[in-house]
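K.L.:
Here it is, the structure, as structure tokens.
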Amino acid sequence: MKQVTSGARRLAGGTLRRGFTTIELMIAVVILAIVLSLAFPSYQGAMRKSRRTEAFTALSTVQQAQERHRSTNTAFTTLLTAATTATPPGLGLVTRTPTGYYDVTIGSADATTYVATATAVTGTSQAADGACAVLAVRMDGGNVRYGSGASIDWTSTNTDPQRCWAR
């Protein structure tokens, strides 16, 4: 008499049958679905975190352009897209980051202060980034502060102004 190998089944007529039953296949599908339902949100969170670097880069570019502008003018500017040779001169930058996840704006500017903001574009996955959907940098008299969230607390008593910048 022949031995039945692992994973094989002998049917009533003596025919050797290999493969999975429908029940075994369904159990494997259920296990796969459970693993994916646990892993997918973590994957999305990691992708959002990695895409924040695009906002950090854009805001850093604005900071550098503002410093160049201020070195030849009496004040910082709110003119993000105006050419550096225009009258009045601007920064010559774009308002949307290269892959389109963030819009960059300069809300206010004067001789010593400006606030630049990167806001996640509605309809992109970054819009679901919670408090990190809005990132901002503030220059005030030579001091740089970073913030995040819909309403950023720029006061010195804010104990966690860089929560999205640090993680």
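The values are calculated or read from the model by the stated rules, or taken from the named source; none is laboratory data. Just so it is clear, the structure is predicted and the values come from calculations on it, not from any experiment. All Cβ positions, even for glycine, are placed from backbone atoms using ideal geometry, and neighbour counts span all protein chains on display.
K.L.:
Take Thr61 and decide whether it is within 20 Å of Gly100 (Cα to Cα) and surrounded by fewer than 18 Cβ atoms within 10 Å (Cβ to Cβ).
P.N.:
yes
K.L.:
Go through Ala75, Ala55, Ala65 for me and flag whichever is aliphatic (A, V, I, L, M) and in a loop (DSSP other than H, G, I, E, B).
P.N.:
Ala75
K.L.:
Residues to consider are Thr95, Thr119, Thr124, Thr87; find the one that is among the hydroxyl-bearing types (Ser, Thr, Tyr), surrounded by fewer than 15 Cβ atoms within 10 Å (Cβ to Cβ) and either at pLDDT 90 or above or in contact with a strand residue (DSSP E or B) (Cβ under 8 Å, 6 or more places away or on another chain) (or both).
P.N.:
Thr95
K.L.:
Further, regarding this structure: Which is over 21 Å from Arg163 (Cα atoms), among the charged types (D, E, K, R) and surrounded by 13 or more Cβ atoms within 10 Å (Cβ to Cβ), of Arg70, Arg52?
P.N.:
Arg70
K.L.:
Also, I was wondering about something else. Check whether at least one residue in the range 102-109 is farther than 18 Å from His69 by Cα, out of contact with any Pro (no Cβ under 8 Å at 6 or more places or on another chain) and at pLDDT 95 or above, and report yes or no.
P.N.:
There is at least one residue in the range 102-109 that is farther than 18 Å from His69 by Cα, out of contact with any Pro (no Cβ under 8 Å at 6 or more places or on another chain) and at pLDDT 95 or above.
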